[in-house]
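Input: a single structure, listed below in structure tokens.
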Number of protein chains: 2
Amino acid sequence: MGSKILVVDDEHEIADLVEVYLQSENFTVYKFYGALEALQCIETTELDLAILDIMLPDMNGLTLCQKIREHHHYPIIMLTAKDEETDKITGLTLGADDYITKPFRPLEMVARVKAQLRRYKMYNPSRTEEAVSPVIIHSGLVMNVDTHECLLNEKPLMLTKTEFSILRILLEKKGSVVSAEELFHEIWQDEYYSKSNNTITVHIRHLREKMNDTVEHPKYIKTIWGVGYKIEA
Amino acid sequence: MGSKILVVDDEHEIADLVEVYLQSENFTVYKFYGALEALQCIETTELDLAILDIMLPDMNGLTLCQKIREHHHYPIIMLTAKDEETDKITGLTLGADDYITKPFRPLEMVARVKAQLRRYKMYNPSRTEEAVSPVIIHSGLVMNVDTHECLLNEKPLMLTKTEFSILRILLEKKGSVVSAEELFHEIWQDEYYSKSNNTITVHIRHLREKMNDTVEHPKYIKTIWGVGYKIEA
DNA sequence: TCGCATATTAGGAAAATCTTAAGATTTCAT
DNA sequence: ATGAAATCTTAAGATTTTCCTAATATGCGA
């Protein structure tokens, strides 16, 4: 994930709440309490989705919605009060992809955001994090990311999820050295990394064991002292 | 798919939005902002469905609806403002097959379009383009998607709707791993809130039970820990 | 040799899945 | 509409698998 989401609501509590929930899902949030401040963001940032309150003090939320639509096609979700007059709501879907009535359950909001992003990215796959080839081949080693299968010299290699990820990353960066910290962040993203954490080392150990690789004469995973690990190109 | 759909709404944003959503589902869209322009399209194009705003400036949507009905039998969906029941009923009796009140969620709209098309094409099979094979076969397992029948080693397997869907999805993606979340979205699309992922687990359990599959040595549904389920190719 | 980086080990912690059963919901015949 | 049957969902605990920690050992380079 890591999609960029615009949030505009003059009610600070709601904007903040939305922000917290979205951030907890690893989205990048651009939060504004007024439409005018948001305008610049719209111009300058490559967003993936927008959440707009329909009632803003300085500019109608619908106007903002239409401003976005002038140049962008990413999903827009409107926040509406439940008791607004029907007439006003009638024009609501003008350009919006979904609407959520206040008060709403945060988890429902998050679910809808995800649903829209899923749809958007399916339709616009270029925005999705690069699509990689599902099979990686390297001297007697075959990895199929789709089937989660791994063969070593024609024989199946049973790898756990994490082991599979480490081997995949090393193979994708075949030839260059990858530090333990880099591996850590590729796999666990944001989580805190400390040097005393030898988790990666242990997984590497297991990998080598399953692949019959020795530390002294590694056929696959080589240790570059003080730098990291690598698989020769 | 690839059905031809007429969209008529004088509110440009709504017409455009509907167009985008339908196009993303690979429908061919004929979009008009006024009834008069649409008339010619109705005459000259072999449409599969029409979506009409009930309130148009140059001609009543219902009138347009009746014009279509003079010569065509494809489904018509009316867009209506959130008003009284009267319009709804009237609209339906005047030849429309479904109505959607504004504001609406585009995804719901798409779902209804699909539902109408399904119904329509069932009675007009000639219009269906090259249907995919309705039977899936895999080592002793025969699934007929049309009749919803399933045989395991010549003997009938009684599956519920959800079980059938899960098995079908796994077989369609035979070989690759499908996560519980993916299964969830394939089956329930954009539903949100609760319905913990455990639901899938329970259905998988029932499936395995009916198929005499064991968790330890599964012949069909294998668990890839931390990733999902798969059926070997 | 010393200091630091990596390797090895194993057991407990954590996470994911399985199992079960009860309650909710839907379906269907009456 | 009503109730029974089928199906689905939820919840809690059991089980399995995987991960992480911590303590110790080993190897590299200055």
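The values are calculated or read from the model by the stated rules, or taken from the named source; none is laboratory data. Worth saying up front: this structure is predicted, and the values here are computed from it rather than measured. Here the Cβ is made from the backbone with ideal geometry for all residues, glycine too, and neighbour counts use every protein chain on show. Calculation scope for accessible area: heavy atoms of the full protein, side chains included, ligands and nucleic acids excluded. Shrake-Rupley method; radii C 1.70, N 1.55, O 1.52, S 1.80 Å.
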Response to the item:
Mean other chain Cβ within 10 Å across B:102-113 is 4
Worksheet item: At a probe radius of 1.4 Å, what is the per-residue accessible area of A:D10, in Å² to the nearest 10?
Response: 50 Å²
Worksheet item: Where only protein heavy atoms count, and the probe is 1.4 Å, what is the accessible area per residue for the protein assembly as shown in Å²?
Response: 53 Å²
Fill in: Stretch gain in nm, segment B:T223-B:N144, where the contour uses 0.36 nm per residue and the Cα spacing is subtracted
26.0 nm
Discussion item. Need the full-extension length gain, A:D16 to A:H72, defined as separation in residues times 0.36 nm minus the C-alpha distance. One decimal, nm.
Written reply: 17.7 nm
Worksheet item: Sorted from shortest, what are the nm distances separating the label point of A:T45 from equivalent points in the other copies, each placed 7 Å from Cα along Cα to C-beta?
Response: 3.9
Fill in: Other-copy label distances relative to A:L151, 7 angstrom Cα-Cβ extension, nm
3.2
Worksheet item: Antiparallel as a % of all DSSP beta bridges within chain A, to the nearest 5?
Response: 45 percent
Worksheet item: Protein chains only, probe 1.4 Å: how do B:E19, B:E181, A:E25 rank by accessible area, largest first?
Response: B:E181, A:E25, B:E19
Discussion item. Heavy atoms only, 1.4 Å probe, whole protein assembly: order B:L141, B:L36 by accessible area, highest first.
Written reply: B:L36, B:L141
Discussion item. Explain nothing, just the number: relative contact order of the range A:134-233, from Cα pairs under 8 Å at least 6 residues apart, as a whole percent.
Written reply: 26 percent
Response to the item:
Order by accessible surface, 1.4 Å probe, largest leading, for residues B:W225, B:W188 comes to B:W225, B:W188
Item to complete: Hydropathy first: keep DSSP H helices in chain A averaging at least 0.0 on Kyte-Doolittle, then drop any whose Cα extent along the axis falls short of 15 Å, and list what survives.
Response: A:12-23, A:161-172
Response to the item:
Probe 1.4 Å, all chains present, heavy atoms only: A:R118 accessible area in Å², nearest 10, is 80 Å²
Fill in: Accessible surface of chain A, 1.4 Å probe, proportion on carbon and sulfur as whole %
53 percent
Worksheet item: B:K210 label points, 7 Å along Cα→Cβ, one per copy: pairwise distances from this copy to the rest in nm, shortest first?
Response: 3.3
Worksheet item: In Å², rounded to the nearest 100, what is the total accessible surface buried by chains A and B against each other with a 1.4 Å probe?
Response: 2500 Å²
Fill in: Mean separation of Cα contacts under 8 Å, 6 or more apart, over the residue count of chain A: relative contact order %
12 percent
